[in-house]
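Written out below as C-alpha coordinates is the structure these notes cover.
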Amino acid sequence: MIREADLLPPHGLVIGAAVLGVGALAIIVGPASAPVFWGLGFVGLALTALSAHLIPRATLVGAALVTLADPVLIPALLPSYVELGPIGASEPLLAVTGVVIGVDALRARRFRRALEDPVLFFAATWVGVAITSAIVNGTPPHVVALGIVMTVDALAIYFVWRMLPHEQSHAVLSVAAVILLVCLASLVGIAQFVLDPDLRGFRRVGSFLGNPNMLGLVIALSLPFPLFAAAHLARRWMRIAAAAVTVVLMIGLVLTYSRGAWLAAAIGIFAGAILLDRRTFLLLVLAAAVAFVGASAIRGGDSDSGPGGGPPLSVAETVIARFTQFSQGDDVRLRWLADGIRVIGDHPWLGTGPGRYGGAAATIIPSPVYDEYDIELGTHRTVHNFWLHLTGEVGVVGLVVFLTMVGSVALRCVRAARRTTGARFVLLAGAATMVLVVALNDLTEMAFEGNVPGLLIWLILGIASMVAETSELTPSPVERTVA
(Lines give C-alpha, C1' and ligand atoms only; values in the text may rest on other atoms or scores of the structure.)
Protein backbone atom coordinates (compact mmCIF):
# COMPACT_ATOMS: atom_id res chain seq x y z
CA MET A 1 0.00 0.00 0.00
CA ILE A 2 1.31 3.44 -0.92
CA ARG A 3 0.63 6.55 1.09
CA GLU A 4 -0.76 9.60 -0.67
CA ALA A 5 2.13 11.71 0.67
CA ASP A 6 4.61 9.44 -1.07
CA LEU A 7 3.25 10.34 -4.51
CA LEU A 8 4.84 13.80 -4.34
CA PRO A 9 7.29 13.84 -1.37
CA PRO A 10 8.60 17.21 -0.15
CA HIS A 11 12.21 16.35 -0.95
CA GLY A 12 11.12 15.60 -4.50
CA LEU A 13 9.83 19.13 -4.88
CA VAL A 14 13.08 20.53 -3.51
CA ILE A 15 15.23 18.48 -5.88
CA GLY A 16 12.99 19.31 -8.85
CA ALA A 17 13.21 23.01 -8.06
CA ALA A 18 17.00 22.71 -7.73
CA VAL A 19 17.35 21.02 -11.11
CA LEU A 20 15.15 23.63 -12.78
CA GLY A 21 17.05 26.43 -11.06
CA VAL A 22 20.44 25.11 -12.21
CA GLY A 23 19.09 24.69 -15.74
CA ALA A 24 17.70 28.22 -15.83
CA LEU A 25 20.97 29.63 -14.48
CA ALA A 26 22.96 27.73 -17.12
CA ILE A 27 20.77 29.17 -19.86
CA ILE A 28 21.18 32.70 -18.52
CA VAL A 29 24.95 32.69 -17.97
CA GLY A 30 25.85 30.19 -20.69
CA PRO A 31 26.29 32.70 -23.53
CA ALA A 32 28.77 34.69 -21.43
CA SER A 33 30.87 31.87 -19.97
CA ALA A 34 31.41 28.39 -21.37
CA PRO A 35 33.25 27.08 -18.25
CA VAL A 36 30.39 28.19 -16.01
CA PHE A 37 27.85 26.62 -18.37
CA TRP A 38 29.59 23.23 -18.40
CA GLY A 39 30.15 23.42 -14.66
CA LEU A 40 26.47 23.98 -14.07
CA GLY A 41 25.75 21.14 -16.47
CA PHE A 42 27.73 18.73 -14.30
CA VAL A 43 25.99 20.07 -11.20
CA GLY A 44 22.67 19.37 -12.93
CA LEU A 45 23.74 15.78 -13.66
CA ALA A 46 24.79 15.33 -10.04
CA LEU A 47 21.39 16.58 -8.87
CA THR A 48 19.76 14.21 -11.38
CA ALA A 49 21.69 11.32 -9.82
CA LEU A 50 20.46 12.32 -6.36
CA SER A 51 16.94 12.66 -7.69
CA ALA A 52 17.14 9.20 -9.28
CA HIS A 53 18.06 7.76 -5.91
CA LEU A 54 15.35 9.54 -3.90
CA ILE A 55 12.46 9.78 -6.40
CA PRO A 56 13.43 7.30 -9.15
CA ARG A 57 10.12 7.00 -10.98
CA ALA A 58 9.56 10.74 -11.33
CA THR A 59 13.16 11.22 -12.42
CA LEU A 60 13.00 8.46 -15.03
CA VAL A 61 9.72 9.71 -16.49
CA GLY A 62 10.92 13.32 -16.43
CA ALA A 63 14.18 12.45 -18.19
CA ALA A 64 12.26 10.49 -20.83
CA LEU A 65 9.90 13.41 -21.42
CA VAL A 66 12.88 15.67 -22.11
CA THR A 67 13.10 13.85 -25.46
CA LEU A 68 10.07 15.88 -26.58
CA ALA A 69 12.04 19.08 -25.98
CA ASP A 70 15.23 17.86 -27.68
CA PRO A 71 14.29 18.60 -31.31
CA VAL A 72 13.47 22.34 -31.00
CA LEU A 73 13.18 23.81 -27.52
CA ILE A 74 16.52 22.80 -26.02
CA PRO A 75 18.65 23.78 -29.05
CA ALA A 76 16.90 27.17 -29.03
CA LEU A 77 17.80 27.72 -25.38
CA LEU A 78 21.41 26.52 -25.47
CA PRO A 79 24.37 28.81 -26.22
CA SER A 80 25.48 28.84 -29.86
CA TYR A 81 28.72 26.97 -29.09
CA VAL A 82 26.82 23.92 -27.74
CA GLU A 83 25.81 21.25 -30.24
CA LEU A 84 24.29 18.17 -28.61
CA GLY A 85 23.39 16.48 -31.89
CA PRO A 86 21.07 13.45 -31.90
CA ILE A 87 21.77 12.56 -28.25
CA GLY A 88 20.07 15.75 -27.06
CA ALA A 89 19.82 16.58 -23.38
CA SER A 90 17.73 13.51 -22.63
CA GLU A 91 20.38 10.83 -23.15
CA PRO A 92 22.85 12.13 -20.51
CA LEU A 93 19.96 12.52 -18.06
CA LEU A 94 18.68 9.02 -18.82
CA ALA A 95 22.18 7.52 -18.64
CA VAL A 96 22.77 8.95 -15.14
CA THR A 97 19.26 7.99 -14.02
CA GLY A 98 19.60 4.47 -15.38
CA VAL A 99 22.96 3.86 -13.70
CA VAL A 100 21.70 5.05 -10.30
CA ILE A 101 18.50 2.98 -10.53
CA GLY A 102 20.53 -0.03 -11.68
CA VAL A 103 22.96 0.25 -8.75
CA ASP A 104 20.09 0.64 -6.29
CA ALA A 105 18.38 -2.40 -7.86
CA LEU A 106 21.56 -4.46 -7.44
CA ARG A 107 21.78 -3.49 -3.78
CA ALA A 108 18.09 -4.29 -3.23
CA ARG A 109 18.34 -7.55 -5.22
CA ARG A 110 15.80 -6.43 -7.81
CA PHE A 111 18.18 -6.36 -10.78
CA ARG A 112 17.84 -10.02 -11.75
CA ARG A 113 14.06 -9.96 -11.41
CA ALA A 114 13.89 -7.02 -13.81
CA LEU A 115 15.72 -8.99 -16.48
CA GLU A 116 13.51 -12.07 -16.12
CA ASP A 117 11.34 -11.06 -19.02
CA PRO A 118 10.85 -12.55 -22.51
CA VAL A 119 11.88 -9.23 -24.07
CA LEU A 120 15.48 -9.84 -22.96
CA PHE A 121 15.57 -13.20 -24.74
CA PHE A 122 14.15 -11.75 -27.95
CA ALA A 123 16.45 -8.72 -27.78
CA ALA A 124 19.49 -10.97 -27.31
CA THR A 125 18.31 -13.17 -30.18
CA TRP A 126 17.90 -10.12 -32.41
CA VAL A 127 21.41 -8.93 -31.57
CA GLY A 128 22.66 -12.42 -32.40
CA VAL A 129 20.93 -12.28 -35.78
CA ALA A 130 22.42 -8.83 -36.42
CA ILE A 131 25.94 -10.03 -35.58
CA THR A 132 25.47 -13.08 -37.83
CA SER A 133 24.35 -10.78 -40.64
CA ALA A 134 27.41 -8.61 -40.06
CA ILE A 135 29.74 -11.62 -40.28
CA VAL A 136 28.09 -12.89 -43.46
CA ASN A 137 28.27 -9.45 -45.10
CA GLY A 138 31.69 -8.45 -43.76
CA THR A 139 30.35 -5.33 -42.07
CA PRO A 140 33.01 -3.35 -40.13
CA PRO A 141 32.67 -3.63 -36.32
CA HIS A 142 32.14 0.10 -35.74
CA VAL A 143 29.27 0.12 -38.24
CA VAL A 144 27.78 -2.99 -36.62
CA ALA A 145 27.94 -1.40 -33.18
CA LEU A 146 26.28 1.82 -34.33
CA GLY A 147 23.57 -0.02 -36.26
CA ILE A 148 22.70 -2.28 -33.34
CA VAL A 149 22.78 0.48 -30.73
CA MET A 150 20.57 2.81 -32.75
CA THR A 151 17.95 0.06 -33.09
CA VAL A 152 17.78 -1.35 -29.57
CA ASP A 153 19.23 1.30 -27.22
CA ALA A 154 15.78 2.60 -26.28
CA LEU A 155 15.01 -0.88 -24.92
CA ALA A 156 17.14 -0.09 -21.87
CA ILE A 157 14.43 2.11 -20.36
CA TYR A 158 12.04 -0.87 -20.46
CA PHE A 159 14.28 -2.76 -18.05
CA VAL A 160 15.21 0.28 -15.96
CA TRP A 161 11.55 0.77 -15.06
CA ARG A 162 11.27 -2.92 -14.17
CA MET A 163 14.13 -2.46 -11.67
CA LEU A 164 11.91 -0.27 -9.51
CA PRO A 165 9.54 -1.57 -6.82
CA HIS A 166 6.16 -1.90 -8.45
CA GLU A 167 3.39 0.48 -7.39
CA GLN A 168 0.17 0.61 -9.39
CA SER A 169 -0.40 4.25 -8.45
CA HIS A 170 2.94 5.34 -9.85
CA ALA A 171 2.33 3.32 -13.00
CA VAL A 172 -0.96 5.12 -13.64
CA LEU A 173 0.46 8.54 -12.83
CA SER A 174 3.57 8.01 -14.97
CA VAL A 175 1.59 7.13 -18.09
CA ALA A 176 -0.81 10.00 -17.35
CA ALA A 177 2.16 12.40 -17.23
CA VAL A 178 3.25 11.29 -20.70
CA ILE A 179 -0.24 11.70 -22.14
CA LEU A 180 -0.74 15.12 -20.57
CA LEU A 181 2.54 16.44 -21.97
CA VAL A 182 1.57 15.17 -25.41
CA CYS A 183 -1.77 16.92 -24.92
CA LEU A 184 0.16 20.12 -24.16
CA ALA A 185 2.13 19.61 -27.38
CA SER A 186 -1.16 19.28 -29.25
CA LEU A 187 -2.50 22.48 -27.65
CA VAL A 188 0.69 24.33 -28.62
CA GLY A 189 0.28 23.00 -32.16
CA ILE A 190 -3.30 24.24 -32.31
CA ALA A 191 -2.20 27.64 -31.03
CA GLN A 192 0.62 27.62 -33.57
CA PHE A 193 -1.86 27.09 -36.38
CA VAL A 194 -4.23 29.78 -35.14
CA LEU A 195 -1.66 32.43 -34.24
CA ASP A 196 1.21 31.81 -36.64
CA PRO A 197 1.06 29.00 -39.21
CA ASP A 198 4.61 29.80 -40.31
CA LEU A 199 6.07 29.26 -36.83
CA ARG A 200 9.34 27.31 -37.14
CA GLY A 201 8.91 27.30 -40.91
CA PHE A 202 6.10 24.71 -41.09
CA ARG A 203 2.73 25.25 -42.70
CA ARG A 204 1.64 22.03 -40.98
CA VAL A 205 1.82 22.22 -37.21
CA GLY A 206 4.82 20.68 -35.48
CA SER A 207 4.39 22.22 -32.02
CA PHE A 208 7.59 22.18 -29.97
CA LEU A 209 8.66 18.94 -31.67
CA GLY A 210 9.23 20.90 -34.88
CA ASN A 211 8.33 18.04 -37.24
CA PRO A 212 4.62 17.60 -38.09
CA ASN A 213 5.05 13.90 -38.87
CA MET A 214 6.74 13.31 -35.52
CA LEU A 215 4.05 15.25 -33.70
CA GLY A 216 1.43 13.19 -35.51
CA LEU A 217 3.15 9.96 -34.49
CA VAL A 218 3.43 10.99 -30.83
CA ILE A 219 -0.23 12.03 -30.73
CA ALA A 220 -1.37 8.86 -32.48
CA LEU A 221 0.39 6.54 -30.03
CA SER A 222 -1.06 8.51 -27.09
CA LEU A 223 -4.68 8.47 -28.28
CA PRO A 224 -5.67 4.97 -27.09
CA PHE A 225 -5.16 5.84 -23.43
CA PRO A 226 -7.66 8.73 -23.08
CA LEU A 227 -10.07 6.90 -25.36
CA PHE A 228 -10.16 3.82 -23.13
CA ALA A 229 -10.17 6.09 -20.06
CA ALA A 230 -13.26 7.93 -21.32
CA ALA A 231 -15.11 4.60 -21.37
CA HIS A 232 -13.70 2.84 -18.31
CA LEU A 233 -12.82 5.23 -15.49
CA ALA A 234 -15.41 5.08 -12.73
CA ARG A 235 -15.71 8.77 -11.91
CA ARG A 236 -17.77 10.85 -14.30
CA TRP A 237 -15.53 13.94 -14.20
CA MET A 238 -12.51 11.83 -15.08
CA ARG A 239 -14.30 10.31 -18.06
CA ILE A 240 -15.24 13.83 -19.21
CA ALA A 241 -11.64 15.01 -18.75
CA ALA A 242 -10.37 12.00 -20.71
CA ALA A 243 -12.83 12.74 -23.51
CA ALA A 244 -11.65 16.36 -23.62
CA VAL A 245 -8.02 15.23 -23.85
CA THR A 246 -9.01 12.88 -26.69
CA VAL A 247 -10.60 15.72 -28.67
CA VAL A 248 -7.59 18.00 -28.15
CA LEU A 249 -5.25 15.25 -29.31
CA MET A 250 -7.39 14.54 -32.37
CA ILE A 251 -7.59 18.18 -33.43
CA GLY A 252 -3.81 18.43 -33.12
CA LEU A 253 -3.46 15.23 -35.13
CA VAL A 254 -5.65 16.57 -37.94
CA LEU A 255 -3.63 19.80 -38.13
CA THR A 256 -0.35 17.92 -38.57
CA TYR A 257 -1.61 16.73 -41.98
CA SER A 258 0.32 13.52 -41.28
CA ARG A 259 -1.65 11.04 -43.34
CA GLY A 260 0.42 8.12 -42.08
CA ALA A 261 -0.43 9.00 -38.47
CA TRP A 262 -4.10 9.47 -39.34
CA LEU A 263 -4.40 6.04 -40.92
CA ALA A 264 -2.30 4.33 -38.25
CA ALA A 265 -4.44 5.81 -35.47
CA ALA A 266 -7.71 4.95 -37.21
CA ILE A 267 -6.81 1.36 -38.10
CA GLY A 268 -4.83 0.62 -34.94
CA ILE A 269 -7.43 1.95 -32.52
CA PHE A 270 -10.24 0.26 -34.47
CA ALA A 271 -8.39 -3.07 -34.16
CA GLY A 272 -7.65 -2.51 -30.47
CA ALA A 273 -11.25 -1.55 -29.76
CA ILE A 274 -12.66 -4.59 -31.56
CA LEU A 275 -10.19 -6.79 -29.69
CA LEU A 276 -10.72 -5.35 -26.22
CA ASP A 277 -13.75 -3.05 -25.95
CA ARG A 278 -16.12 -2.17 -28.76
CA ARG A 279 -17.54 0.79 -26.87
CA THR A 280 -14.22 2.52 -27.41
CA PHE A 281 -14.75 2.36 -31.17
CA LEU A 282 -17.99 4.30 -30.81
CA LEU A 283 -16.16 6.89 -28.72
CA LEU A 284 -13.45 7.05 -31.39
CA VAL A 285 -16.01 7.83 -34.09
CA LEU A 286 -17.73 10.45 -31.92
CA ALA A 287 -14.46 12.09 -30.85
CA ALA A 288 -13.19 12.08 -34.44
CA ALA A 289 -16.37 13.82 -35.62
CA VAL A 290 -16.03 16.50 -32.94
CA ALA A 291 -12.32 16.92 -33.69
CA PHE A 292 -12.85 17.27 -37.43
CA VAL A 293 -15.55 19.88 -36.89
CA GLY A 294 -13.21 21.75 -34.56
CA ALA A 295 -10.27 21.49 -36.94
CA SER A 296 -12.45 22.63 -39.84
CA ALA A 297 -13.55 25.67 -37.84
CA ILE A 298 -9.92 26.53 -37.14
CA ARG A 299 -8.91 26.04 -40.79
CA GLY A 300 -11.86 28.11 -41.91
CA GLY A 301 -10.40 31.14 -40.16
CA ASP A 302 -7.28 31.08 -42.34
CA SER A 303 -7.67 31.41 -46.11
CA ASP A 304 -4.09 30.40 -46.76
CA SER A 305 -3.32 27.67 -44.28
CA GLY A 306 -3.11 24.45 -46.26
CA PRO A 307 0.08 22.47 -46.78
CA GLY A 308 2.39 24.21 -49.22
CA GLY A 309 0.73 27.60 -48.71
CA GLY A 310 -2.44 26.81 -50.68
CA PRO A 311 -6.02 27.00 -49.48
CA PRO A 312 -6.97 24.70 -46.62
CA LEU A 313 -7.59 21.10 -47.65
CA SER A 314 -10.18 18.86 -46.08
CA VAL A 315 -9.10 15.53 -44.63
CA ALA A 316 -10.63 13.72 -47.60
CA GLU A 317 -8.88 16.00 -50.11
CA THR A 318 -5.45 15.58 -48.56
CA VAL A 319 -5.79 11.76 -48.36
CA ILE A 320 -6.97 11.63 -51.98
CA ALA A 321 -4.04 13.84 -53.01
CA ARG A 322 -1.60 11.44 -51.37
CA PHE A 323 -3.20 8.38 -52.98
CA THR A 324 -3.06 10.17 -56.33
CA GLN A 325 0.68 10.60 -55.83
CA PHE A 326 0.95 6.90 -55.04
CA SER A 327 -1.02 5.87 -58.12
CA GLN A 328 1.17 8.05 -60.34
CA GLY A 329 4.38 6.77 -58.76
CA ASP A 330 5.19 10.35 -57.76
CA ASP A 331 6.01 9.71 -54.11
CA VAL A 332 9.45 9.48 -52.54
CA ARG A 333 8.39 6.70 -50.17
CA LEU A 334 7.31 4.58 -53.13
CA ARG A 335 10.74 5.03 -54.68
CA TRP A 336 12.39 4.03 -51.40
CA LEU A 337 10.10 1.00 -51.20
CA ALA A 338 11.03 -0.06 -54.74
CA ASP A 339 14.72 0.36 -53.92
CA GLY A 340 14.29 -1.56 -50.67
CA ILE A 341 12.58 -4.47 -52.40
CA ARG A 342 15.60 -4.76 -54.72
CA VAL A 343 17.97 -4.81 -51.75
CA ILE A 344 15.89 -7.32 -49.80
CA GLY A 345 15.45 -9.48 -52.89
CA ASP A 346 19.22 -9.98 -53.02
CA HIS A 347 19.60 -10.39 -49.23
CA PRO A 348 16.29 -11.88 -48.05
CA TRP A 349 17.21 -13.81 -44.92
CA LEU A 350 19.93 -11.84 -43.12
CA GLY A 351 19.91 -8.50 -44.95
CA THR A 352 22.92 -6.35 -45.83
CA GLY A 353 24.23 -5.99 -42.27
CA PRO A 354 23.36 -3.68 -39.34
CA GLY A 355 24.02 -0.02 -40.05
CA ARG A 356 24.02 -0.52 -43.82
CA TYR A 357 20.53 0.32 -45.07
CA GLY A 358 17.70 2.71 -44.39
CA GLY A 359 18.49 3.94 -40.88
CA ALA A 360 20.38 6.90 -39.49
CA ALA A 361 23.52 4.78 -39.01
CA ALA A 362 23.80 4.30 -42.78
CA THR A 363 23.82 8.08 -43.18
CA ILE A 364 26.22 8.83 -40.32
CA ILE A 365 28.70 6.27 -41.74
CA PRO A 366 28.06 6.30 -45.52
CA SER A 367 26.88 2.90 -46.71
CA PRO A 368 28.27 1.20 -49.84
CA VAL A 369 24.86 -0.43 -50.30
CA TYR A 370 23.47 2.90 -51.49
CA ASP A 371 26.12 3.15 -54.19
CA GLU A 372 25.74 -0.48 -55.19
CA TYR A 373 22.00 -0.13 -55.77
CA ASP A 374 22.09 3.54 -56.84
CA ILE A 375 19.84 4.57 -53.93
CA GLU A 376 19.37 8.29 -53.35
CA LEU A 377 17.82 9.57 -50.11
CA GLY A 378 18.29 13.23 -50.98
CA THR A 379 18.25 15.38 -47.86
CA HIS A 380 16.60 12.65 -45.78
CA ARG A 381 18.50 10.60 -43.19
CA THR A 382 16.35 7.47 -43.41
CA VAL A 383 13.89 5.65 -45.68
CA HIS A 384 11.04 6.60 -43.30
CA ASN A 385 9.87 2.99 -43.06
CA PHE A 386 11.22 1.17 -40.02
CA TRP A 387 10.15 -2.27 -41.22
CA LEU A 388 11.77 -1.73 -44.63
CA HIS A 389 14.95 -0.52 -42.92
CA LEU A 390 14.97 -3.45 -40.49
CA THR A 391 14.41 -6.07 -43.19
CA GLY A 392 17.05 -4.47 -45.40
CA GLU A 393 19.64 -4.67 -42.60
CA VAL A 394 18.89 -7.96 -40.81
CA GLY A 395 16.57 -9.71 -43.26
CA VAL A 396 13.33 -11.56 -42.69
CA VAL A 397 14.84 -13.44 -39.74
CA GLY A 398 15.65 -10.23 -37.87
CA LEU A 399 12.27 -8.73 -38.76
CA VAL A 400 10.39 -11.73 -37.35
CA VAL A 401 12.41 -11.69 -34.13
CA PHE A 402 11.80 -7.97 -33.60
CA LEU A 403 8.08 -8.27 -34.32
CA THR A 404 7.84 -11.22 -31.93
CA MET A 405 9.61 -9.21 -29.23
CA VAL A 406 7.20 -6.27 -29.50
CA GLY A 407 4.19 -8.52 -30.03
CA SER A 408 4.98 -10.56 -26.92
CA VAL A 409 4.54 -7.48 -24.72
CA ALA A 410 1.32 -6.50 -26.51
CA LEU A 411 -0.06 -10.03 -26.10
CA ARG A 412 0.65 -10.01 -22.36
CA CYS A 413 -1.14 -6.68 -22.09
CA VAL A 414 -4.18 -8.03 -23.97
CA ARG A 415 -4.41 -11.12 -21.76
CA ALA A 416 -4.08 -9.11 -18.55
CA ALA A 417 -6.53 -6.42 -19.74
CA ARG A 418 -9.24 -9.01 -20.22
CA ARG A 419 -8.93 -9.97 -16.54
CA THR A 420 -9.11 -6.50 -15.03
CA THR A 421 -11.07 -3.25 -15.00
CA GLY A 422 -10.72 0.45 -14.33
CA ALA A 423 -7.37 2.18 -14.51
CA ARG A 424 -5.47 -1.09 -14.94
CA PHE A 425 -7.58 -1.92 -17.98
CA VAL A 426 -7.00 1.54 -19.43
CA LEU A 427 -3.24 1.22 -19.05
CA LEU A 428 -3.02 -2.33 -20.42
CA ALA A 429 -5.51 -1.88 -23.27
CA GLY A 430 -3.91 1.45 -24.16
CA ALA A 431 -0.43 -0.10 -24.28
CA ALA A 432 -1.55 -3.01 -26.46
CA THR A 433 -3.36 -0.68 -28.86
CA MET A 434 -0.39 1.69 -28.87
CA VAL A 435 1.76 -1.14 -30.21
CA LEU A 436 -0.68 -1.63 -33.11
CA VAL A 437 -0.70 2.10 -33.89
CA VAL A 438 3.10 2.38 -33.79
CA ALA A 439 3.58 -0.75 -35.89
CA LEU A 440 1.30 0.68 -38.58
CA ASN A 441 2.82 4.17 -38.42
CA ASP A 442 6.28 2.65 -38.78
CA LEU A 443 5.37 1.89 -42.40
CA THR A 444 5.99 5.61 -42.95
CA GLU A 445 8.18 6.56 -39.96
CA MET A 446 11.03 5.26 -37.78
CA ALA A 447 9.41 5.22 -34.33
CA PHE A 448 11.41 2.33 -32.90
CA GLU A 449 14.75 3.77 -33.97
CA GLY A 450 14.80 7.38 -32.75
CA ASN A 451 14.76 8.74 -29.19
CA VAL A 452 11.48 10.42 -30.12
CA PRO A 453 9.27 8.55 -29.59
CA GLY A 454 11.17 5.25 -29.10
CA LEU A 455 12.07 5.98 -25.48
CA LEU A 456 8.48 6.87 -24.58
CA ILE A 457 7.16 3.74 -26.31
CA TRP A 458 9.50 1.42 -24.40
CA LEU A 459 8.91 3.29 -21.13
CA ILE A 460 5.15 2.76 -21.44
CA LEU A 461 5.66 -0.89 -22.39
CA GLY A 462 7.94 -1.38 -19.39
CA ILE A 463 5.27 0.09 -17.12
CA ALA A 464 2.57 -2.05 -18.73
CA SER A 465 4.66 -5.22 -18.41
CA MET A 466 4.83 -4.76 -14.65
CA VAL A 467 1.11 -4.04 -14.40
CA ALA A 468 0.39 -7.16 -16.45
CA GLU A 469 2.39 -9.25 -13.98
CA THR A 470 0.59 -7.95 -10.92
CA SER A 471 -3.10 -8.66 -11.38
CA GLU A 472 -5.24 -9.43 -8.34
CA LEU A 473 -3.43 -6.84 -6.16
CA THR A 474 -5.20 -4.64 -3.64
CA PRO A 475 -5.89 -1.28 -5.32
CA SER A 476 -3.74 1.60 -4.14
CA PRO A 477 -5.23 4.96 -3.09
CA VAL A 478 -4.82 6.56 -6.51
CA GLU A 479 -6.42 3.55 -8.21
CA ARG A 480 -9.40 3.69 -5.88
CA THR A 481 -9.75 7.33 -6.96
CA VAL A 482 -9.44 6.82 -10.73
CA ALA A 483 -10.92 3.36 -11.05
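Below, the figures for the structure above:
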| item | result |
| --- | --- |
| Helices (runs of 4 or more DSSP H) contained in the range 99-175 and holding at least 2 residues within 30 Å of TYR357 (Cβ to Cβ) | 118-137, 141-152, 156-162 |
| Residue in the range 373-383 that is under 21 Å from LEU455 (Cβ atoms) and of a type in the set (Phe, Trp, Tyr) present | no |
| Condition met for LEU155 (within 30 Å of THR246 (Cα to Cα) and of a type in the set (A, V, I, L, M, F, W, C)) | yes |
| Any hit, the range 87-103, residues being touching a residue at least 24 places away in the same chain (Cβ under 8 Å), more than 30 Å from SER207 (Cα to Cα) and polar (S, T, N, Q) | no |
| So GLY395, is it under 30 Å from GLY353 (Cβ atoms) and out of contact with any Ser or Thr (no Cβ under 6 Å at 6 or more places or on another chain) | yes |
| Test: ALA271 is within 17 Å of ASN441 (Cα to Cα), out of contact with any helix residue (DSSP H, G or I) (no Cβ under 7 Å at 6 or more places or on another chain) and either in contact (Cβ under 8 Å) with a residue 12 or more places away in the chain or in the same structural domain as GLU445 (by TED's automatic domain parsing) (or both) | no |
| Filter result for GLY422 (of a type outside the set (Val, Ile, Thr) and on the phi > 0 side of the Ramachandran plot) | yes |
| Flag for ASP304 being in a loop (DSSP other than H, G, I, E, B), at pLDDT below 85 and exposed (fewer than 14 other Cβ atoms within 10 Å of the Cβ) | yes |
| Residue list for the range 105-124, restricted to those being buried (at least 17 other Cβ atoms within 10 Å of the Cβ) and either touching a strand residue (DSSP E or B) at 6+ places or on another chain (Cβ under 8 Å) or farther than 13 Å from TYR158 by Cβ (or both) | ALA105, ARG110, PHE111 |
| Any hit, the range 76-86, residues being more than 17 Å from LEU455 (Cβ to Cβ) and part of a helix (DSSP H, G or I) | yes |
| Qualifying residue in the range 352-375 (condition: modelled with pLDDT of 90 or more, surrounded by fewer than 16 Cβ atoms within 10 Å (Cβ to Cβ) and under 23 Å from ARG259 (Cβ atoms)) | no |
| Among the residues listed as LEU427, LEU403, LEU390, the single one being of a type in the set (A, V, I, L, M, F, W, C), closer than 27 Å to ASP331 by Cβ and buried (at least 24 other Cβ atoms within 10 Å of the Cβ) | LEU390 |
| Every residue from the range 45-84 that is among the hydroxyl-bearing types (Ser, Thr, Tyr) and either outside the structural domain of ALA105 (by TED's automatic domain parsing) or in contact with a helix residue (DSSP H, G or I) (Cβ under 8 Å, 6 or more places away or on another chain) (or both) | THR48, SER51, THR59, THR67, TYR81 |
| Close pairs from the range 374-390: first within 17 Å of ARG342 (Cβ to Cβ) and of a type outside the set (A, V, I, L, M), partner outside any loop (DSSP other than H, G, I, E, B) and at pLDDT below 85, Cβ under 7 Å, at least 6 apart | ASN385/ARG333 |
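Conditions tested, residue by residue: (1) aromatic (Phe, Trp, Tyr); (2) at pLDDT 95 or above; (3) under 27 Å from HIS347 (Cα atoms).
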site	(1), (2), (3)
GLY378	no, no, yes
GLY395	no, yes, yes
GLY422	no, no, no
THR444	no, no, yes
PHE448	yes, no, yes
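Yes or no, residue by residue, for (1) modelled with pLDDT under 95; (2) within 24 Å of LEU275 (Cβ to Cβ); (3) under 20 Å from the mean Cα position of the chain (by Cα); (4) in the same structural domain as ALA297 (by TED's automatic domain parsing):
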{"residue": "PHE193", "(1), (2), (3), (4)": "yes, no, no, yes"}
{"residue": "PRO197", "(1), (2), (3), (4)": "yes, no, no, yes"}
{"residue": "ARG200", "(1), (2), (3), (4)": "yes, no, no, yes"}
{"residue": "ARG203", "(1), (2), (3), (4)": "yes, no, no, yes"}
{"residue": "GLY206", "(1), (2), (3), (4)": "yes, no, yes, yes"}
{"residue": "ASN211", "(1), (2), (3), (4)": "yes, no, yes, yes"}
{"residue": "LEU221", "(1), (2), (3), (4)": "no, yes, yes, yes"}
{"residue": "PHE228", "(1), (2), (3), (4)": "no, yes, yes, yes"}
{"residue": "ARG236", "(1), (2), (3), (4)": "yes, no, no, yes"}
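The values are calculated or read from the model by the stated rules, or taken from the named source; none is laboratory data. Just so you know, these numbers come straight off a predicted model, no measurement behind them. Neighbour counts run over all protein chains shown; Cβ positions are idealised from the backbone, glycine included.
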